[in-house]
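Peer 1: I am attaching a structure below and will ask some questions about it afterwards.
The values are calculated or read from the model by the stated rules, or taken from the named source; none is laboratory data. Everything quoted here is computed from the prediction, not taken from an experiment. Positions of Cβ are backbone-derived with ideal geometry, glycine not excepted, and every protein chain shown enters the neighbour counts. With ligands, DNA and RNA removed, areas are computed over all heavy atoms of the protein, side chains included. Shrake-Rupley method; radii C 1.70, N 1.55, O 1.52, S 1.80 Å.
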Amino acid sequence: MVPVFIGTTFLIYALVWAVPGDPFEGKCGERDCPESYVSAMRDKFNLDDPLVVQYGKYLGNLLQGDFGLTSAGLSVGERIAATFPVTLKLALVALLIEAVIGITAGVVSGLRNRGFLDSLVLVSTLFLISIPVFVTGYVVQLVFGLQLGLISPTVTSPTIGNLIVPGFVLASLSMAYVARLSRTGIAENKRADYVRTALAKGLPQKRVVGVHMLRNSLIPVITFLGTDLGVFLGGAIVTEGIFNVPGVGGLVFRSILTKDGAMVTGVVTVLVLVYLLMTLLVDLLYAVLDPRIRYD
Amino acid sequence: MTDQMAVLAADRPRGLFGDAWHELRRRPLFWVSVSMILLVVLMAAVPTLFTSGDPGLAQLSRSRQPPSAEAWFGYDNQGYDIYTRVIHGARASIVVGVLSTIGVVLTGATIGILAGFYGGWLDAVVSRVADIFVGVPFVLGAIVILTTLNAGGDAGPVRIVAQVVLSIAVLSWPVAMRIMRSTAIAAKQQDYVKAARALGAQPRRIIGKHMLPNCVAPVLVYSTIALGAFIGAEATLSYLGIGLRQPVVSWGVMINSAKDYLRVAPHALLFPAGFLTATVLAFVMLGDAVREALDPKLR
C-alpha cells in the first residue's frame, strides 16, 4: 500500500509539474511577472531542484500534515477541508442509493430467474451501463429541473435533501453493476445445500433470503461498494459540474485548468489515500463476512 | 453404445469459438447489436452515404432552430446542421474507441501473459506498476495527462485524437493486464502446458501456440465491452473540454458546445447524446452476448 501511494502521488506530481511552459505565466495580470516574484516562487516550490528531490521535499511536508500553499497564497489544506465534506456527503448519498436500489433489484431478479421482472432488470441495467453519466445528468436536469420544475436544477446549498438527485445520477452506472452482481450471487446460492436445509427446517422465506442467502451472496457486492466509494470521490467531477455542487471535483478541475500544481497534487493525494484506505477496509471486511478467509 | 457414439460423432467436434459462434447465431440480441454496430461503422466510413451536407457549415441566421423537415435534428447555437454533424461525428468516436481498445488490449494482454507465465520478479514489478495506475481515478488522471499534452497549444486533428487515445490507453491497460495475467496463471498449471514443456518447447512457442489460444476469451469479452466504454470515456473527456475539440467533430464535442444552451435548445444536446448512448449500448450488448456464448457455465 505504501509503495502504491508513493508511486501514484509521484506520477501525478511529475505530470502536473512537467507541464511545459512557465507555471507562473499569467499570474500577474496583463504584464509579465517580475523577475523577483518568479524566482521567489521557484524557490518556494523547489522548482530548481531535480524532480525527485522536489517530490521528496513535498512528501516530507505532507507527512507533517502540511499541504503547502497555492501560488495565490491560499492554504491547500484549508480549501480541501472546506470542499471535501460536500463531496463525501454526495458520495455517501450515492452509495446509499446504489446499495438500496441495486441490491433490491438484484435480489428480486435473482429469485425469479427468467421471469418478467428478471428481464426488466437485465434490460434496464444494460441501459444504465450504456448511458454516460453526463448524459444522465443533463437529461435529469432538463426533464425534472427545467421542464417539470420538480427539482432545483442546481444545488444551491449542499444539504442531504438537495444532494439526492445528483447522488442518483452519480450512482446510476454502478447501480447497474451492483444489481448484476447481486443477481448472480443470489442465482448461484439459490440451490445451495444450506438454503435447502434452512427451508426444510421450516424457516420462513423472508429469513432464508434475508439472512442466509444475502449474507453469502453479498460478499462480492460489498467489495464493489467499497472500491466504488473511492471512485465516487474522484469521479464526481462531471456530476458536480452539472449540478454545480461546491465539492472537490469542481475545485480540482478548476485548479488543473489554471495550472495550480500545488492544489492538484494536494487533492489527488487525498483522493488516492482515501481510495487505498477503502481497498484496505474492504479486504479486512472480507474476513469478517466470510470466515473461510483468514489473514494470518 | 455405438448408436450414441454415432450420434455424437455426427456433429463435427467444435472448438470453444465454434461453439460460441453456434450459440451466438441463435441469439436475437447478438444480431441487433451487430447491425447497430455495422450501421455506425458505415456512418464512420462513408458519411456521405447518409448526408450531403457540410459539417463545417455554420450559419448564424439559423441558430438554434428546432427540428424541421429540411433539418431533421435542427440547428445548434452556431447554426450547424445537427444531423450532418451527428453523422460525421461517428468517425472520431469510433476511431478513438477502436484505437484505444487495440492499444489497451495489445499492451495489457502482452504484459499480462508474460507476467503470468514467467512469474517471479517480473510479475511482482508489473503488478505493482499496475496498482499505481489503478490507484489514479480515471477522469482525474485523464484530465492531468491531457492538460499536460494540450499545453503545446493548437494541434491538428491527428494529434488531438492521438492524445485522447494515449491517455485512455495509459490509464486502462492494467485492467486488461490483470485479466490476462490471472487466466495465464491458471493456464500455466494445465497438463497441456506441462506436456509441451516436457517435450522441450521453447517458452515463446508455449506462450504463442498453447497458452494464447486458451487465454484469449476473457480478454476478448473485456475488449468488446471496453470499446463501448472508451467511446463513452472519449465523450466524457470531450464534454469536459479537454478531449477532442474543434476542428474534430465528435458527439462529445457537440454535447460540450450544446450544454450551455440546454434551456433554449435541448435538441442540440439530446440527438448526439442519443447516438452516443445507442452506440455504447450496442457494444455492451455485444459483449454480454459474447460472454454468455464463451462461458460454458452460463449456458
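Peer 1: Taking all protein chains as present, what is the carbon and sulfur share of the accessible area of the range A:114-233, in % to the nearest whole number, probe 1.4 Å?
Peer 2: Exposed carbon and sulfur together represent 67 percent of the surface.
Peer 1: Quickly rank B:81-87, B:179-185 as a protection proxy: mean count of other C-beta atoms within 10 Å, highest first.
Peer 2: Ranked from most to least packed, the peptides come out as B:81-87, B:179-185.
Peer 1: If you average the alpha carbon positions of the range B:28-68 and of the range B:227-263, how far apart do those two centres end up, in angstrom?
Peer 2: 16 Å
Peer 1: Round to the nearest 10 and give me the degree value, 0 to 90, for the angle of helix A:116-130's Cα axis relative to the longest principal axis of chain A.
Peer 2: Roughly 10 degrees, rounded to the nearest 10.
Peer 1: Over the Cα atoms of the range B:116-227, compute the convex hull volume and normalise it per residue, giving Å³.
Peer 2: For the range B:116-227, the hull spanned by Cα atoms encloses 132 Å³ per residue.
Peer 1: Taking all protein chains together and a probe of 1.4 Å, list A:75, A:174 from the most accessible to the least accessible.
Peer 2: Order by accessible area, largest first: A:75, A:174.
Peer 1: Here's a follow-up. Just to check I understand the Karplus step: with θ = phi - 60° and J = 6.51 cos²θ - 1.76 cosθ + 1.60, what whole-Hz values come out for the range B:118-124, glycine and proline as x?
Peer 2: 7, x, x, 5, 4, 4, 4
Peer 1: So how far, in whole Å, is the C-alpha centre of the range A:58-135 from the one of the range A:137-182?
Peer 2: Taking the Cα centre of the range A:137-182 as reference, the centre of the range A:58-135 is 12 Å away.
Peer 1: Can you tell me the 0 to 90 degree angle between the C-alpha axis of helix B:212-239 and the longest principal axis of chain B, rounded to 10?
Peer 2: Taking Cα atoms only, the helix is inclined about 20 degrees.
Peer 1: Let me know the mean shielding of A:1-9 by other chains, meaning the per-residue number of their Cβ atoms within 10 Å of its Cβ.
Peer 2: Taking all residues of A:1-9 together, the mean is 4.
Peer 1: Whole-Å semi-axes of the range A:121-259's equivalent ellipsoid, largest first, each the root of 5 times a Cα gyration tensor eigenvalue?
Peer 2: Semi-axes, largest first: 38, 17, 14 Å.
Peer 1: Let me ask something else. Please report, largest first and rounded to whole Å, the three semi-axes of the ellipsoid equivalent to the range B:38-95, where each semi-axis is the square root of five times an eigenvalue of the C-alpha gyration tensor.
Peer 2: In descending order, the three semi-axes are 22, 11, 9 Å.
Peer 1: Right, another one. Summarise the partner chain shielding of B:270-278 as one whole number: the mean count of Cβ atoms from other chains within 10 Å of each residue's Cβ.
Peer 2: Average per residue, whole number: 3.
Peer 1: From Cα coordinates alone, what are the radius of gyration and Dmax values for chain B in angstrom?
Peer 2: 23.2, 82
Peer 1: With θ set to phi - 60°, apply the Karplus curve 6.51 cos²θ - 1.76 cosθ + 1.60 along the range B:45-59 and write out the HN-Hα couplings as whole Hz, x wherever there is a Gly or Pro.
Peer 2: Here the 3J(HN,Hα) series is 7, 10, x, 5, 5, 9, 8, 9, x, 9, x, x, 8, 10, 10 Hz.
Peer 1: How large is the translational diffusion coefficient of chain A in µm² per second when you combine the Kirkwood radius over alpha carbon pairs with Stokes-Einstein at 20 °C and 1.002 mPa s?
Peer 2: This corresponds to a translational diffusion coefficient of 97 µm²/s.
Peer 1: Strictly greater than 23 Å: what percent of every Cα pair in the range B:141-299 meets that?
Peer 2: Counting pairs separated by more than 23 Å, the tail of P(r) holds 55 percent.
Peer 1: Can you tell me which of A:272-280, B:107-115, B:223-231, B:249-257 comes out highest on packing, and rank the rest after it, using the mean Cβ neighbours within 10 Å?
Peer 2: B:249-257, B:223-231, B:107-115, A:272-280
Peer 1: Determine Rg/Rh for the range A:198-287; Rg is computed over alpha-carbon atoms and Rh is the Kirkwood hydrodynamic estimate from the same atoms.
Peer 2: Using only Cα positions, Rg/Rh for the range A:198-287 is 1.25.
Peer 1: Using a 10 Å cut-off around each Cβ of peptide B:281-294, what is the average number of partner chain Cβ atoms that fall inside?
Peer 2: Mean shielding by partner chains, rounded to a whole number: 2.
Peer 1: Let me ask something else about it. Treating each Cα of the range A:186-231 as an identical point scatterer and ignoring solvent, apply the Debye formula and state log10 I(q)/I(0) at q = 0.16, 0.20, 0.22 Å⁻¹.
Peer 2: Taken in order of the listed q values, log10 I(q)/I(0) reads -0.48, -0.63, -0.71.
Peer 1: What is the diffusion coefficient of the protein assembly as shown in µm²/s, taking the Kirkwood radius over Cα pairs and the Stokes-Einstein relation at 25 °C with a viscosity of 0.890 mPa s?
Peer 2: The Stokes-Einstein estimate is 93 µm²/s.
Peer 1: Going by average Cβ density within 10 Å per residue, which order do the peptides B:27-33, A:194-200 take, highest to lowest?
Peer 2: Per-residue mean Cβ counts within 10 Å order the peptides as B:27-33, A:194-200.
Peer 1: For residue B:102 and residue B:124, FRET efficiency with R0 = 25 Å and r from the beta-carbon atoms, rounded to 0.05?
Peer 2: Efficiency at R0 = 25 Å is approximately 0.35.
Peer 1: Given DSSP loops and a limit of at most 15 other Cβ atoms within 10 Å, what is the longest stretch of chain A that contains no such GluC sites (Glu not before Pro)?
Peer 2: That gives A:31-296 as the longest site-free run.
Peer 1: Is the range A:82-142 best put as rounded, prolate or oblate by its Cα gyration tensor, with a ≥ b ≥ c the root eigenvalues, rounded for a/c under 1.5, and otherwise prolate when a/b is larger than b/c, oblate when not?
Peer 2: Taking the square roots of the gyration eigenvalues as a ≥ b ≥ c, the range A:82-142 is oblate.
Peer 1: Here is a follow-up. Can you compute 3J(HN,Hα) from phi for each residue in the range B:77-93, using the Karplus curve 6.51 cos²θ - 1.76 cosθ + 1.60 with θ = phi - 60°, rounded to whole Hz and x for Gly and Pro?
Peer 2: 4, 7, x, 6, 6, 5, 4, 4, 5, 5, 5, 6, x, 4, 4, 4, 4
Peer 1: Given 4 °C and 1.567 mPa s, how large is the Stokes-Einstein diffusion coefficient of the range B:213-260 in µm²/s, with Rh as the Kirkwood radius over Cα pairs?
Peer 2: In µm²/s, the coefficient is 109.
Peer 1: May I pose another question? For the range B:52-178, max minus min Cα coordinate along each principal axis, in Å, sorted largest first?
Peer 2: 67, 28, 23
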